[in-house]
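Notes for the one structure printed next.
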Amino acid sequence: MENLKTIGRAEPLDIEHLKPPVDPSSLRHRDLLDGPFWQRIPAYRTVDEATFLDWSWQARGSITSAAKLLAAIQDVAPKAFYDDVVAGFQQAPMALRVSPYILALIDWANPYEDPLRRQFIPVASKLLPDHPKLTLDSLHEQADAPVPGLTHRYPDKALFLTLDTCPVYCRFCTRCYAVGLDTENVEKVSLKATEDRWELAFRYIAQRPELEDIVISGGDSYQLKARQITLIGERLLAMDNIRRIRFATKGPAVMPMKLISDLEWLDALTAIVEKGRRLHKEVVLHTHFNHPNEITAITKRALDNVFERGIITRNQSVLIRGVNDTVDSMQLLIKRLGHCQVHPYYVYLHDMVKGVEDLRTTVQTACDLERHVRGVTAGFHTPTFVCDAPGGGGKRVVHSFEHYDRETGVAVYTAPSVKPGYFLYFDPVDTLSPEIQARWRDPADQARMIEAAVGAARSAQTSNHKASSI
Ligand code: SF4
């Protein structure tokens, strides 16, 4: 009672703290970059805030070639770096597109180490040979597609690839088989935003009563016109079987100003979310932030707009070497997302994607990070670390492997409710010992290492089965 009486008095309460005062640096997730940071880039020195916040200026001014990159950054990066970029593009499976927003956040004094540069701009000197077991569409999205651009893998969920363009192109894109323009190395599968193609997808979804959950992706939902958001949203909401829709976009991470200055797009999304709510169906936004530096005061303003409209936002990150593979960067990312009312939902082990071996980490790295992240914040803001199993096994919790040989770097997963068989993920060869690296150069030895891992997984399953009543 005494404590209750004292509440409301002007003098401070004498509280005995059980915890020591926190280090102020532990609250740095709230310190967001603000002010005209873009004016550090020579080409944007005279660009005012209104222009920088205009999403159509951002889209028109996106960097799509090495020459445009040089014109924008001029002499802020060393000439040798620029030559390295030119050579990097010649080998890259993804076309180049970087927004002025991202370009302005890169530390050009240290471009080799910068976590944003690493995601979007290749440099030849850092590229590594692909893993010998890598395939172009490693998740078998096309093999699991009954109609072009609709992957039906899980019983009640489908992935609807509505278009093949994005506001930026990520070096590590799993969908490099389709997304963006052809490159010197990859001729893309066409997934254009045509209503004829969409019609086939709508018909298939309507004919499958087990489908309840549709992910609208691409490419990127940011690129859909407002009327296309409305069309897709209304067609799906009208189907009795559909209970959940997710619009997936990297946009808020790379061009957040669209949520400030393209209210037509946000209004269309809001209308679908509200219509869904009236029908007792969930429509949410899924974002793709990978590093805390992507989140600035502009991002917060954009996400505040989304939150004020009652739109739930979840984030899916990719675990990338040199970007977010440290405890510090991952914890800061998760706390900063939470600060912006975005739920950190998944962290994906980097898919086995062509041309980006330098960006993949090991399964062990993901397991270690997961251990350090859990407990930092509330459970509903704690991402699940998953391996999207190559071959179409779907997302498996990263440490749920049947067997993981840390020496050869072979992890074996099963997905009993998705597909029969074993699904293999391979650690990057350069992270293994020199002896094992030599074995990966020999096809016969590759087969032996895989056979041994699958055999060990089979034995582990047999003994677990004996010990379990399931
Ligand atoms: S935004 Fe998504 S779909 Fe587009 S390039 Fe990046 S990872 Fe691929």
For residue 361, state whether it is in contact with a strand residue (DSSP E or B) (Cβ under 8 Å, 6 or more places away or on another chain), away from the ligand (no atom under 16 Å from the Cβ) and polar (S, T, N, Q).
yes
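For (1) farther than 30 Å from residue 336 by Cα; (2) basic (Lys, Arg), each residue gets a yes or a no:
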position: 373; (1), (2): no, no
position: 387; (1), (2): no, no
position: 415; (1), (2): yes, no
position: 441; (1), (2): yes, yes
From 227, 197, grab the single residue that is open to solvent by 60 Å² or more (accessible area, probe 1.4 Å), without any contact (Cβ under 8 Å) to a residue 60 or more places away in the chain, more than 22 Å from the chain's Cα centre (by Cα) and more than 30 Å from residue 424 (Cα to Cα).
227
Hits in the stretch 171-218 (condition: farther than 13 Å from residue 150 by Cβ, at pLDDT 85 or above, within 11 Å of the ligand (Cβ to nearest atom) and touching a strand residue (DSSP E or B) at 6+ places or on another chain (Cβ under 8 Å)):
172, 174
Please give the number of the condition residue 147 fails out of (1) among the hydrophobic types (A, V, I, L, M, F, W, C); (2) within 15 Å of the ligand (Cβ to nearest atom); (3) at pLDDT 80 or above.
(2)
Counting only residues that are in a loop (DSSP other than H, G, I, E, B) and within 12 Å of the ligand (Cβ to nearest atom), how many does the stretch 219-228 have?
2
Output the residues belonging to the stretch 357-393 that are open to solvent by less than 10 Å² (accessible area, probe 1.4 Å) and among the aliphatic types (A, V, I, L, M).
359, 363, 366, 369, 373, 386, 389
Can residue 235 be described as assigned to a strand (DSSP E or B) and open to solvent by 10 Å² or more (accessible area, probe 1.4 Å)?
no
Spans of helices (runs of 4 or more DSSP H) in the stretch 240-353 with at least 3 residues aliphatic (A, V, I, L, M), within 16 Å of the ligand (Cβ to nearest atom) and modelled with pLDDT of 95 or more
none
Within the stretch 84-94, which residues are open to solvent by less than 20 Å² (accessible area, probe 1.4 Å) and either closer than 15 Å to residue 168 by Cβ or in contact (Cβ under 8 Å) with a residue 60 or more places away in the chain (or both)?
92, 93, 94
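The values are calculated or read from the model by the stated rules, or taken from the named source; none is laboratory data. Keep in mind it's a predicted model, so treat the numbers as computed, not measured. Quick reminder, even Gly has a Cβ in these numbers, built from the backbone with ideal geometry, and neighbours come from all protein chains shown. Ligands, DNA and RNA are stripped out before the accessible areas are found, and what is left, the full protein with its side chains, is counted by its heavy atoms. Shrake-Rupley method; radii C 1.70, N 1.55, O 1.52, S 1.80 Å.
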